[in-house]
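Each remark here refers to the structure printed beneath this line.
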Amino acid sequence: MEFYHFTEFAWPHFPPEDQYTSMRLNLPSSVYDPKLGADLYNMCLDQYVLADELGLNCMVNEHHQTATCLNSSGVVPLSILARQTKNGRILILGNPAANLADPVRCAEEMAMIDNISYGRLDCGFVRGVPYELFASNRNPTETSERLWDAIDLIVKAWTTHDGPFNYEGKWIHKRQVNVWPRPYQQPHPPIWTTGGSDLEHACRTVARGFTFSMFLTPVDRLAAMFKGVRAWCHAQGLQRPADSQFAFMPLVAVGETEEEAREVIERVFWYVTNNKSEPQHRAPPGYVETSLYADFLSGRFSGGRTDAIRTQGMEYFRQNHVAIYGTPDNVASQLKALYKKVGGFGHLLAMLHAGDMDFDMTAKSMTLFAEKVVPQLSDLGTVRKGFGPLPARKKRRAA
Amino acid sequence: MSSQSKSTIETLKLQQARIEIERVGKGPPLLLLHGEDAFELNSATGRKLIEKLAGRYEVFLPRMPGFGKSTLPGSIRYIDDISYLWLDLLDHYDLCDATIIGFSVGGWLAAEIATKNCDRVSRLVLAGAVGVKFGGAYDRDIEDIYFYNTTRVREILFDDPLKDPHVDLSGLSKKAALSVARQRETIVKLCWDPYFHNPSLLHRLNRITCPSLVVWGTKDGMTEPKYGRAYARRIPDAQFVGIPRAGHFPHIEQPELFWRALDRFLAE
């Protein structure tokens, strides 16, 4: 199993909650103080340098017009980490491919970063959360299709080495595409996507040979998705996907004692409890399936995953393996149990920092995780050896 | 007028779409183009207006692709695409001297049709029509109804928010909720960007040669009355009428005042 450090670079200094309606989209940037913010950016980047020294991999993401994530471009921290880290994988999860004005530029940037990092890039592409549709002005009804069109165009741009090609698709028109440099990893960096309840998307990801990841999903639903993908692959006559084609992100805190871990996870839990947003920003028509949107309109469904789980409290999170915390041995056994319940996964994306946690508190939890938990689990999980689409299963010879 | 006119429902194949169209009444043809919430078809106030019109006209009520039983094929991405379907529809029924009344997005469609070919159109009524941008890059000509919460949006759209036929959707059956959801998704698909307008339409309004009525709620917060006046100024033979105590759907909020303005124009 591979282990990643993740922080969302959240801005933690807020006015009283009754003075704003949302942390996303409409919160004025007057709330942001550049002097504190500059420190925060550098503190988070320092965490990644430490992660690399500890033998962990790094994961970055991006969101727009929000205090919950100061990375309005994941490419910026990724570029820094390409130079400032030396050993670990650097994962962007991901590029908002459906919302990008120019996917070919993304292909260029990722190829550069892959070269600068000597082939340590894992390249994620995401559809983007519903809030992003306001910041990007992307049509909510189009993003699923656009995501896959952009992925296909980027792969084509990475893997075409005999001069320019033209592309006039439904959404994007590009002329004489001829990307320089070509990626360091051949034929191209590993590709990841994220998903929620869309099994078809998850299956498509894995069948293409990519890695499918889920965030903060209660274990029953996580297991249903991962097992659903494996069952689909079997039904299609494909080889069983390796564990390394599945990834999961929980909140993680490790302490020398249970009490210490509990104190730290409460601080990581800031991510869940400080997520105030306006309901219409979570459900622009056309983003979710028609049936779910109909339930939203008629009041049968109000909040979605975040609202549902944020009201449940820490014990619910722990039981569902969404918050994994405790002493090193305890955390290792929770992760082994999770691994078993979901039928295996190969990447643990550990959200070890959130809110107003300082560097020292985060560093201690990260160090315990890397030095005392990871060695207990690193042999766990199967790793895909091939590249490209999942091949068909070999037929057993009749006896 | 006292007895209800009987309506018939037909299905037409127009380009890639299957279109549901209701016909009601006798007389010269009138094409009524519903708005984004189809209040004209689905609210009691809307049906009363249709009933009144059916006393004088043969009223054609096509359901926009994505509404009712009309399909929304992938070939339709903009309101412009639908305007060609409705031009095909005018040809299909060989309608001559047709009156076209359009509400909000339906008004946009009516303007698109009349700018492309006005030969079959004798009169045009645009009620709270969207579709045009008059202001500069930083001007919000058409308020962003997706960004604000439902209470605020209702205040934008209605002078009296309680007159919103969708004021309470909590009692909707799953089937009815699915229908509303599908309508809203359709409008987002067609109107998200450019937001409720076609940048070219403004420069084509001179092509509307028939007498036109631009009718507007004076309390419209989605497209303010100055937007309606600007619309009327750009159409060569248009008059503007404001309906007091009404927002974006004056025919729903003030049906009597709306009817009076419409009746006067149609009788001219």
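For the reader, a short list of remarks on this structure follows.
- Answer residue from region A:61-72, given it is over 14 Å from the mean Cα position of the chain (by Cα) and under 19 Å from A:Ala38 (Cβ atoms) and is surrounded by the fewest Cβ atoms within 10 Å (Cβ to Cβ) among those: A:Ser72
- B:Ile82 at pLDDT 95 or above and crowded, with 16+ Cβ neighbours inside 10 Å: yes
Each row is one residue, and each column tells you yes or no for (1) touching a residue at least 60 places away in the same chain (Cβ under 8 Å); (2) in contact with a Lys or Arg (Cβ under 8 Å, 6 or more places away or on another chain).
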| site | (1), (2) |
| --- | --- |
| A:Cys106 | no, no |
| A:Ala111 | yes, yes |
| A:Arg120 | no, yes |
| A:Cys123 | yes, no |
| A:Pro130 | yes, yes |
| A:Leu133 | yes, no |
| A:Trp148 | no, yes |
| A:Val155 | no, no |
| A:Asp162 | no, no |
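- Filter result (modelled with pLDDT under 95, over 18 Å from the mean Cα position of the chain (by Cα) and of a type in the set (Val, Ile, Thr)) within region A:264-278: A:Thr273
- Scanning region B:165-183 for residues that are facing chain A (nearest Cβ under 7 Å) and not β-branched (Val, Ile, Thr), we see that the one that is surrounded by the most Cβ atoms within 10 Å (Cβ to Cβ) is B:Ala181.
- Of the criteria (1) surrounded by fewer than 19 Cβ atoms within 10 Å (Cβ to Cβ); (2) away from chain A (no Cβ under 13 Å); (3) free of Cβ contacts under 8 Å to residues at least 40 places away in the same chain; (4) not polar (S, T, N, Q), which one B:Leu257 fails: (1)
- Sole exception among (1) assigned to a loop (DSSP other than H, G, I, E, B); (2) touching a Ser or Thr at 6+ places or on another chain (Cβ under 7 Å); (3) among the β-branched types (Val, Ile, Thr) for B:Ile113, by number: (1)
- The combined condition, being part of a loop (DSSP other than H, G, I, E, B), more than 14 Å from chain A (Cβ to nearest Cβ) and touching a Phe, Trp or Tyr at 6+ places or on another chain (Cβ under 9 Å), is fulfilled by B:Ala129.
- Hits in region B:128-176 - residues which are closer than 23 Å to A:Ser277 by Cβ and without any contact (Cβ under 8 Å) to a residue 24 or more places away in the chain: B:Arg140, B:Phe147, B:Tyr148, B:Asn149, B:Thr150, B:Thr151, B:Arg152, B:Val153, B:Arg154, B:Leu169, B:Ser170
- Looking across A:Gln185, A:Gln245, A:Gln280, one residue alone is within 14 Å of chain B (Cβ to nearest Cβ), buried (at least 19 other Cβ atoms within 10 Å of the Cβ) and among the polar types (S, T, N, Q). It is A:Gln280.
- Count of region B:57-109 residues, restricted to those that are assigned to a helix (DSSP H, G or I), acidic (Asp, Glu) and out of contact with any strand residue (DSSP E or B) (no Cβ under 7 Å at 6 or more places or on another chain), is 3.
- Search result, residues across region A:124-142 that are within 11 Å of chain B (Cβ to nearest Cβ) and more than 17 Å from A:Gln280 (Cβ to Cβ): A:Glu142
- Only one entry in A:Thr205, A:Thr257 is away from chain B (no Cβ under 14 Å), buried (at least 18 other Cβ atoms within 10 Å of the Cβ) and among the β-branched types (Val, Ile, Thr), namely A:Thr205.
- Some residue of region A:92-115 being assigned to a loop (DSSP other than H, G, I, E, B), surrounded by 21 or more Cβ atoms within 10 Å (Cβ to Cβ), away from every other protein chain (no Cβ under 14 Å) and at pLDDT 95 or above: yes
The values are calculated or read from the model by the stated rules, or taken from the named source; none is laboratory data. Model, not experiment: these values are computed from the prediction. Every residue, glycine among them, receives a Cβ derived from its backbone with ideal geometry; neighbour counts consider all protein chains shown.
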